[in-house]
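Asker: Shown below is the structure under consideration.
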Amino acid sequence: MSFSSLGLSEQLVRATADQGYDTPSPIQLQAIPAVLSGKDVMAAAQTGTGKTAGFTLPLLQLLSANPRTGKGPRALILTPTRELAAQVHDSVALYSKYMPTNSAVVFGGVKINPQMMKLRKGLDVLVATPGRLMDLYGQNAVRFNEVEILVLDEADRMLDMGFIRDIRKILALLPAKRQNLLFSATFSNEIRGLAEGMLNNPVQVEVATRNATADKVKQSVYPVDQSQKTALLSKLVRDNKWEQVLVFTRTKHGANRLTQKLEKDGITAAAIHGNKSQGARTRALAEFKQGDIRVLVATDIAARGLDIKQLPQVVNFELPNVPEDYIHRIGRTGRAGESGHALSLVSADEGKLLAGIERLIKQQLPRKSVEGFEPTNNLPLKPKAKADPSRARNRGNGGGAGRTDDKPRSFGPKPGGRSGGRGRSGGSAQGRPAQRQTA
């Protein structure tokens with residue numbers, strides 16, 4: 001099928017053709033007609049499957065049917081991180097190039113005044129992170145009375161990052177009559193609870209097995225002592241002549257230390273995490289994409305939303321505390337039909353974390369050894385330990401956890417108050433409270 005056969009306008013079809021797309025992906029085939037029907041949609045798909053176009057294209061089509069009469073925004077897209085917000089806004093701009101549609105993106109970590117000026121000029125589509133959006137609302141820079149469509153993108157990550165309170169407040173400020181679209185990598189029980197509180201008889205779209213890892217990603221585990229991880233990573237980069245590899249650490253400080261060690265070892269590297277300025281993060285990502293640096297070291301939160309075409313390797317320098325994050329991490333490679341390789345350097349003290357991951361993905365990851373780096377203690381071949389029952393992050397040490405650039409706010413309804421979204425509580429009792437994290 002073609003994009004035109006899904007009911008999209010000639011302008012949108014031209015815009016997709018300009019990007020080299022002529023055949024919709026499975027998520028787009030199902031999501032686009034559902035959104036165009038005007039119904040609420042709850043969709044899940046693996047990263048790299050075209051989720052963004054799955055809601056951006058029909059959203060623009062619906063807005064084009066009626067011109068803006070006020071200052072807007074008419075469509076509000078919420079994302080958990082700065083990088084993802086920027087990526088989604090880029091897609092909005094690309095797909096609306098032949099349409100008289102105005103859009104903007106707002107997020108923390110940069111000056112707020114230029115964002116306020118953009119909003120005052122009027123716009124159709126606003127892409128935002130929840131914290132900065134509430135800052136702007138508090139300064140009377142944005143109103144929500146004209147919102148016709150709400151999109152929660154990467155909803156699972158927003159809950160993990162502790163944005164549930166801001167989401168509740170935003171839902172309470174929106175018009176009761178609106179279309180709601182919820183997109184998520186997985187459908188956890190908490191996501192279903194949030195959906196129940198904000199969606200009205202939604203169309204459910206799920207093109208991937210729940211908690212499944214990408215089919216085209218080759219996965220392997222390299223048992224190694226913690227003290228030898230950096231040396232092994234350097235050897236793998238050199239021996240395999242890797243020119244582009246994304247490496248995950250659990251903490252910001254760990255990302256900095258690893259970057260410094262790789263640089264001393266003659267391997268160009270850069271780190272992105274919540275303590276880096278937005279300018280530094282943007283430069284590091286640009287240099288990585290251009291091939292000026294070989295290794296990009298990132299925390300889970302900072303890497304969310306990174307879209308790097310044909311990224312061949314992802315390395316888990318440290319396993320994540322939450323098993324689901326493993327799926328998100330390795331989803332950075334093997335995107336859009338490309339093949340990829342995900343390697344995990346696992347020390348004996350991470351045995352329980354590995355067991356939780358293998359139980360979640362329902363498969364035994366192959367172990368590989370490198371001569372000279374054999375571990376002192378072997379990892380179990382069968383996961384004996386139970387997955388972390390609390391699935392709670394170590395807030396003090398989790399990748400990118402801690403204080404946010406958005407300060408707590410006292411305005412707006414208290415959690416559990418009226419959502420404005422079809423008369424239900426926008427927060428859902430099942431959304432677990434958590435300290436909001438920075439990217």
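The values are calculated or read from the model by the stated rules, or taken from the named source; none is laboratory data. Because the structure is a prediction, the values reported are computed rather than measured. In this analysis, Cβ positions are derived from the backbone assuming ideal geometry, glycine residues included, and neighbour counts consider all displayed protein chains. Surface accessibility is based on the protein's heavy atoms, side chains included, excluding ligands, DNA and RNA. Shrake-Rupley method; radii C 1.70, N 1.55, O 1.52, S 1.80 Å.
Matching residues to (1) among the small types (Gly, Ala, Ser); (2) modelled with pLDDT of 80 or more:
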{"residue": "Ile293", "(1), (2)": "no, yes"}
{"residue": "Leu296", "(1), (2)": "no, yes"}
{"residue": "Ala303", "(1), (2)": "yes, no"}
{"residue": "Ile308", "(1), (2)": "no, no"}
{"residue": "Val315", "(1), (2)": "no, yes"}
{"residue": "Asn321", "(1), (2)": "no, yes"}
{"residue": "Ile327", "(1), (2)": "no, yes"}
{"residue": "Ile330", "(1), (2)": "no, yes"}
{"residue": "Gly334", "(1), (2)": "yes, no"}
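Asker: Answer yes or no as to whether Ala75 is of a type in the set (A, V, I, L, M), under 20 Å from Ser184 (Cβ atoms) and at pLDDT below 95.
Answerer: The answer is no for Ala75.
Asker: From the list Arg165, Arg143, Arg157, Arg132, which one is among the basic types (Lys, Arg), in a loop (DSSP other than H, G, I, E, B) and either open to solvent by 20 Å² or more (accessible area, probe 1.4 Å) or within 17 Å of Ala85 (Cα to Cα) (or both)?
Answerer: From the options Arg165, Arg143, Arg157, Arg132, the qualifying one is Arg143.
Asker: Looking only at segment 266-283, which residues are closer than 26 Å to Gly109 by Cα, in a loop (DSSP other than H, G, I, E, B) and open to solvent by less than 10 Å² (accessible area, probe 1.4 Å)?
Answerer: Selection gives His273 alone.
Asker: Kindly indicate the residue of segment 7-30 that is modelled with pLDDT of 90 or more and more than 19 Å from Leu94 (Cα to Cα) and also surrounded by the most Cβ atoms within 10 Å (Cβ to Cβ) among those meeting that condition.
Answerer: Only one residue fits best here, namely Gln30.
Asker: Taking the options Leu182, Leu173, name whichever one is at pLDDT 90 or above, open to solvent by less than 10 Å² (accessible area, probe 1.4 Å) and farther than 30 Å from Gln364 by Cβ.
Answerer: Within the list Leu182, Leu173, the selection yields Leu182.
Asker: On the basis of being surrounded by fewer than 23 Cβ atoms within 10 Å (Cβ to Cβ) and modelled with pLDDT of 95 or more, does Leu62 make the cut?
Answerer: Against the criterion (surrounded by fewer than 23 Cβ atoms within 10 Å (Cβ to Cβ) and modelled with pLDDT of 95 or more), Leu62 qualifies.
Asker: What pairs come out if I take residues in segment 140-168 that are over 17 Å from Thr79 (Cα atoms) and pair them with residues that are small (Gly, Ala, Ser) and open to solvent by less than 10 Å² (accessible area, probe 1.4 Å) whose C-beta lies under 7 Å away, six or more apart or interchain?
Answerer: Correct list of pairs: Glu148/Ala75.
Asker: Also, I was wondering about something else. Yes or no: Ala43 closer than 18 Å to Ser91 by Cα and surrounded by 23 or more Cβ atoms within 10 Å (Cβ to Cβ)?
Answerer: no
Asker: Might you check whether a residue that is within 22 Å of Glu374 (Cα to Cα), surrounded by fewer than 19 Cβ atoms within 10 Å (Cβ to Cβ) and without any contact (Cβ under 8 Å) to a residue 24 or more places away in the chain occurs anywhere in segment 244-265?
Answerer: no
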